[in-house]
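None of the figures in this text is laboratory data; all of them are computed from the coordinates on show. Because the structure is a prediction, the values reported are computed rather than measured. With ideal geometry, Cβ positions are generated from the backbone for all residues, glycine too; neighbour counts draw on all protein chains shown.
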Amino acid sequence: MSGQILEAVSIYLTPNIPIEPISQGAEAVVFTTSVHPYEPKQESSETSNKYILKYRPPKKYRHPSIDKALTKHRTLSESRILAKLSQLPGLNVPKLIACDVYNGCIWIEFLGEELPNGNGFSSLKNFLWMSASDPHNKCVETVLEKVGRQIGLLHWNEYCHGDLTTSNVVLQQSDGVWEPYLIDFGLGSATTFVEDKGVDLYVLERAVDSTHSRYAVTYNEWLMRGYKAVYHEQSKKGENRLREVLKRFEEVRLRGRKRSMIG
Ligand SMILES: Nc1ncnc2c1ncn2[C@@H]1O[C@H](COP(=O)(O)OP(=O)(O)OP(=O)(O)O)[C@@H](O)[C@H]1O
């Protein structure tokens, strides 16, 4: 990670807020920190707290005023969608703690944990890799159905994710049971367009195909089983809307195949 970015964040945050970089994407740099932005520091706390700090650094190649406007818009958009989604019953997303749209910074709840036997952080991607020796395990099936349900709930409530990959699903244990959370709503939006939902499903299917290709057919079936269940529970209206989404999903898939054949 560029020293310049680290220095800029450290100055902005002041030395009272220690940060640990964990990822640098095209858009943002993600850190963990033990400091809550507005709650008093718990000196005696036995377990150390952990929060995510997502920072969108200024982009030198953009005109400064356009850069400021874009950073503000994207930070606000991600914060808004997270705040709205956490109000939806049954939907698992990280809680928004604070946001400073002018400095491109949001503080969110840290989710996930280390997988057993050094299998890394509990993203769905790592979980599926960890399970590759026993891919048809009931636990894998249950997790994938639950992930499908989360996406179904998101879509049923007229939102889409915009970047549904297996890295953007994080698993966290609750009473010994894995529960999936959707993260990274940087490209998320409120939408009634069936096209956006079809594209979300296609992006996820492709992500599963490319990173877990041996078992992708079964994995995608389990995901879709969970997804469809959400719509089935909504009686006639649900069935009609599901039919439209699945039809568009198939169309998006065909378009994708055609594009990859032509190159
Ligand atoms: N709430 C969270 N809890 C735990 N880890 C998180 C959380 N949010 C993000 N991360 C970690 O940081 C990584 C990057 O976060 P995120 O996807 O939000 O940023 P991004 O810049 O949009 O990334 P990319 O460009 O790679 O999509 C995630 O893949 C995940 O490992």
Taking only DSSP H segments of four or more residues, each worth -39500 (n - 2.57), what value at 222 nm results for the chain once the sum is divided by all its residues, to the nearest 500 deg cm²/dmol? -15500 deg cm²/dmol
Select from 61, 24, 35 the residue farthest towards the positive end of the dipole of the stretch 14-79; place +1 on Cβ of Lys and Arg, -1 on Cβ of Asp and Glu, and compute about the Cα centre. 61
Net charge near residue 86, counting Lys/Arg +1 and Asp/Glu -1 over other residues with Cβ under 10 Å of its Cβ? +1
Could you give the size of the charge dipole of the stretch 116-262 about its Cα centre, using +1 on the Cβ of each K and R and -1 on the Cβ of each D and E, expressed in debye and rounded to the nearest 20? 540
Partners for residue 125 among lysines (Cα-Cα distance below 29 Å; same-chain residues under 8 apart left out): 50, 54, 84, 95, 138, 146, 197, 228, 247, 258
How tilted is helix 3-13 with respect to the longest principal axis of the chain? Cα atoms for both, answer in degrees (0 to 90, nearest 10). 70
With no solvent and one equal point scatterer per Cα, compute the Debye intensity ratio I(q)/I(0) for the stretch 92-214 at 0.15 Å⁻¹ and report its log10, rounded to two decimals. -0.73
Which Cα, out of 127, 192, 172, lies furthest along the positive dipole direction of the chain (beta carbon charges, K/R +1, D/E -1)? 192
Rounded to whole angstroms and listed largest first, the alpha-carbon spread of the chain along its three principal axes comes to 53, 45, 38
Ratio to report: Rg/Rh of the stretch 3-109, with Cα atoms as the point set and Rh obtained by the Kirkwood method; give two decimals. 0.99
Can you tell me the orientation of helix 216-232 relative to the chain, as the angle in degrees between its alpha-carbon axis and the longest Cα principal axis, to the nearest 10? 90
Cα centroid separation - the stretch 193-238 against the stretch 93-110, whole Å: 29
